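Here's the structure, in structure tokens; my notes come after.
The values are calculated or read from the model by the stated rules, or taken from the named source; none is laboratory data. Remember, predicted model here, so these are calculated numbers, not experimental data. Here the Cβ is made from the backbone with ideal geometry for all residues, glycine too, and neighbour counts use every protein chain on show. With ligands, DNA and RNA removed, areas are computed over all heavy atoms of the protein, side chains included. Shrake-Rupley method; radii C 1.70, N 1.55, O 1.52, S 1.80 Å.
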Amino acid sequence: MSAERLDVDALLDDPSTRIVVCCGAGGVGKTTTAAALGLRAAERGRRTVVITVDPARRLAQSMGLASLDDTPRPVPLPEGATGSMHAMMLDMKRTFDQVVEEHADPERARQILANPFYQTLSTSFSGTQEYMAMEKLGQLRQSGEWDLIVVDTPPSRSALDFLDAPKRLGRFLDGRLVRFLSAPAPSGAFRLLGAGVGLVTSILGKVLGTQLLNDLRAFVTAFDTVFGGFQERAERTYRLLQAPGTAFVVVAAPETDALREASYFMRRLATDAMPLAGLVINRTHPLPEGAGSALDADTASASADALAAAGEHPETVAALRLHADLVRTHLRERELRDRSTADHREVPVVEVPALPEDVHDLDGLRGIGRALAGG
């Protein structure tokens, strides 16, 4: 039994759909899918903003914008479009700075922003980008300026990082090791105990470096007042991802690793009670109607070999071999898809055919949108 087809237009037209999250393994077309969904929604009447974290900046190029930053930029739509579209790129450090500035008094914020440990944490620490993507999503949703937010998730090693990394970052900042390293030197009745603690921190200082240890202590001391709001916002955005107005769209390619990752993610979404709208499989190779049954791959190959041996009709030989390759590729992709999604028959699926070249403008995105909608 084949899966139901994902009705993309019904999803985008539904006013109760407020957030669409495109997720999946790296290199499967999440950015293009997110941009195409945003454009189609805007041209059908929604006030849409697309947030991307793809460092290649393909999104800006395909929408005719010179660049993207952390300010939503309007995308020029053709006459007749009844909605609007904005696009932005996540600025991880700027978003983190905004969180600090919002939750700390000016002097405490200045101390945090100038701290070397914070500067490392806010630009390169594992999990920071994923947390800040969720933070920015929460800010956009709270503003009420757009009625649809489309999120292109980070190009992580694993698609699951988008859900796991914010919690990992929170656990690190609230972890025992960080609290221990930042503890003040003991005194009085605890002086004897403090001798042992001092020995440990002395050893750690030699391993980590005294300056790093001092930077870490200063950071945690200053950050302590910010941390409660930090954690609370992460939890609030996580609950927002579970809300009925959110729809996850898992994006994959017809490849073993990408489909395996998609299967893991669909199971995880179900475990976390997050609303899954459907699965998009990009870059597929469909057959023209009836082509596969009219001439199978083996017959096409045999006919091509016979004509080639006779030295006749070279154009026909090339066409037959091309047809044989297409049929075999299509059957291999279909078998792989069916095997990989066997445990997710209830999840609607839509396939987007492979294009001869990369999408580089609004017309290309519009074409992807039509394919997503079954056109």
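Table for the structure above
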item	result
Amide hydrogen neighbours beyond the local backbone of V50, cut-off 5 Å, H modeled	H86, A87, M88, V150
Heavy atoms of D296 accessible to a 1.4 Å probe, total area in Å² rounded to 10	70
Mean separation of Cα contacts under 8 Å (6+ apart) over length of the range 1-120, as relative contact order %	20
Net +/- balance of residues flanking T95 in space, Cβ distance below 13 Å, scoring K and R +1, D and E -1	-4
Amide H partners (placed H, <5 Å) of V21, local residues excluded	V151, A247, F248, V249
Under 15 Å, Cβ to Cβ, from A318 - net charge with Lys/Arg +1 and Asp/Glu -1	-3
Protein-only accessible surface order, largest first, of T329, T48 at 1.4 Å	T329, T48
Carbon and sulfur %, accessible surface of the range 290-331 computed with the full protein complex present, 1.4 Å	60
Cβ-based net charge around V327, under 10 Å, with every Lys or Arg adding one and every Asp or Glu removing one	-1
Relative contact order (%) - criterion: Cα under 8 Å, at least six apart; region: the range 290-331	46
With all protein chains modelled, accessible area of R110 [1.4 Å, Å²]	130
Under 5 Å, built H, 5+ apart or other chain: amide partners of G278	V250
Surface accessible to a 1.4 Å probe, per residue, for the residues of the range 290-331, Å²	59
FRET efficiency, A302 to E101 (Cβ-Cβ, R0 56 Å, nearest 0.05)	0.20
